[in-house]
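The values are calculated or read from the model by the stated rules, or taken from the named source; none is laboratory data. Everything numeric here is computed off the predicted structure, so don't read it as measured data. Here the Cβ positions follow ideal geometry from the backbone for every residue, glycine too, while neighbour counts run over all protein chains shown.
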Amino acid sequence: MSIRILLALLTGLLLVLLYPPFGFALLAPLSLTPLCLALGREFRPVARFALGFISGLVLWAGVCWWIAPVLAVHGGMGDFGGWGTFALFCLLKSIHCGLFGLLAGVLIKHWFAPPAIALLWAVLERTQEPLTLFGWLMLGDAGIDMGLPLRVAPFAGVYGISFLFALTAACFAAILLKRPRQHALWALLTLLPVLLPALPVALRPAAHAALVQPNLPTAHEANPDSYAESKAHFARLSLDALREGPVDVVVWPETPGPMFYDEDPDLRARVREVSTAANAPVILGTIWRDRSGAPRNSALIAPAALRYDKMFLVPFGEYVPSLFSFVNQVSDEAGAYIPGEQITLMPIGGRKAGTFICYESAVGHHVRNFAREGASVFFNISNDGYFFRTPAREQHLQLVRMRAVENRRWIVRATNNGITAVIDPAGAVREQIPPFDRRSVRAGFGYVEELTIFTVGGDWFIVGGALAVCAALIASQWPSYRKPRPRKPQPSPQRKPENRPENDPPRARGSA
């Protein structure tokens, strides 16, 4: 059992090494192999769940450790409360890996095990956000710089890449477990990306944006002087970018403080000044209150005054899940935010644009709706100031890049203190402002009208995969539930009588 635990720990460690700050993405196709080896040698269901759970604990503790200091400082919980709540978070998130261990252990001995196990991993990834309220890096996100596997994203989303990596790992485990040769032949499916069209490269920008990264402190005392200075700061940086040339839009980040566009005449005047100087609209983050007084985290385009209200709120940052009602809210805004109800598109240069906010970049099935509704370019505004100097910034950018590939859209991203960037439809970063730089830049971007299979079909791959996994699980148990056929009674063999005279007595033992 100790060797199996070490194998589970090794899978957790390999998964951690895939993402920033390490970025050893080439390990992705083999990262699940140690866990599959352990599951192939373990026959107890509880132990299989435990092995997967151990891998999950290492994964989430190693990738998302930055959540603890965020809760400790910005949530006002202190070190004990922050790390204690983070421990509960890891326990909750690891249940998915435990379920993978439990079910993959059932499938692993069958001839269809490799694709079934790979689909199981992808399907469980898709359930992270709705069940645990926090979806972050998927296995497929490690392939953001791998041109060949990345071809799958416009068809099946990030989960298609996760499937390819998990399939490779399961096939390699089948070889090490000395399964029949046909088990490893499933690895031929990993060649499918060769048949898919290559990602678009060398695209030329058709428009320009002025991106503003103000690098304002997140934890600051909200007083009239600092608030006025922040607004003036936004305007100055915007005008600096305009000196580089004309732009089609000016983009400010998600509000790093309580900025109320509707309630603040001075803020509206600053935005109007910038919009007039640029002869272009301004996209900015603002807080908007509905009739009940409840706040919403919004993206607004001025002077058109169209507003998109964030629909997927970040747990602990904008609301506190009921399970963790004892946790303080990270945001300074009094009261929990409420989510928006619908997609809103914004006019940019005669085209339609979709603007998603901060954490929504982790929700691929939501971001695709902007393109499906007609957006030919994406904007992403974010405030990553809560992340301190942790790898969370690079991780967040990796998620945004995957959304660009899935939908084949340019993404123009403005953040408070990093990472502000322009990403092309192949997921490559074209322009970037380093973190914590107080700077603005004039950057090029483009428009794309075509829709990808993922944009139109969404979770078709996951739905089909879930059905296939259910069928595989039923097939794996079918022999246990079949009624054995009743056997016909066999007549007992009869000994042939000896040819002996009727009155001849039997010979004594040992006589001649």
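Can you confirm whether the range 91-101 contains a residue that is touching a Lys or Arg at 6+ places or on another chain (Cβ under 8 Å) and surrounded by fewer than 24 Cβ atoms within 10 Å (Cβ to Cβ)? Among the residues of the range 91-101, not one is touching a Lys or Arg at 6+ places or on another chain (Cβ under 8 Å) and surrounded by fewer than 24 Cβ atoms within 10 Å (Cβ to Cβ), which makes the answer no. Assess whether Ala371 counts as being assigned to a loop (DSSP other than H, G, I, E, B), aliphatic (A, V, I, L, M) and touching a Lys or Arg at 6+ places or on another chain (Cβ under 7 Å). Considered against the rule, which asks whether it is assigned to a loop (DSSP other than H, G, I, E, B), aliphatic (A, V, I, L, M) and touching a Lys or Arg at 6+ places or on another chain (Cβ under 7 Å), Ala371 comes out as no. When Gly84, Gly98, Gly56, Gly62 are checked against the criterion of being part of a helix (DSSP H, G or I) and touching a Leu at 6+ places or on another chain (Cβ under 8 Å), a single residue qualifies: Gly62.
For Val212, the requirement of being more than 28 Å from Gly76 (Cα to Cα), in a loop (DSSP other than H, G, I, E, B) and among the hydrophobic types (A, V, I, L, M, F, W, C) is not met. Considering the range 285-297, the residues that are surrounded by 21 or more Cβ atoms within 10 Å (Cβ to Cβ) and farther than 11 Å from Ile338 by Cβ include one that is farthest from the chain's Cα centre (by Cα), namely Thr286.
Across the range 356-399, the number of residues qualifying as of a type in the set (A, V, I, L, M, F, W, C), closer than 21 Å to Pro425 by Cβ and in contact with a Pro (Cβ under 7 Å, 6 or more places away or on another chain) comes to 1. Here Tyr308 meets the list (1) under 24 Å from Gly354 (Cβ atoms); (2) modelled with pLDDT under 95; (3) of a type in the set (Phe, Trp, Tyr) almost entirely, failing just condition (2).
With a requirement of 2 or more residues that are more than 20 Å from Val441 (Cβ to Cβ), the strands (runs of 3 or more DSSP E) lying completely within the range 232-311 that satisfy it span 282-289, 295-302, 306-309.
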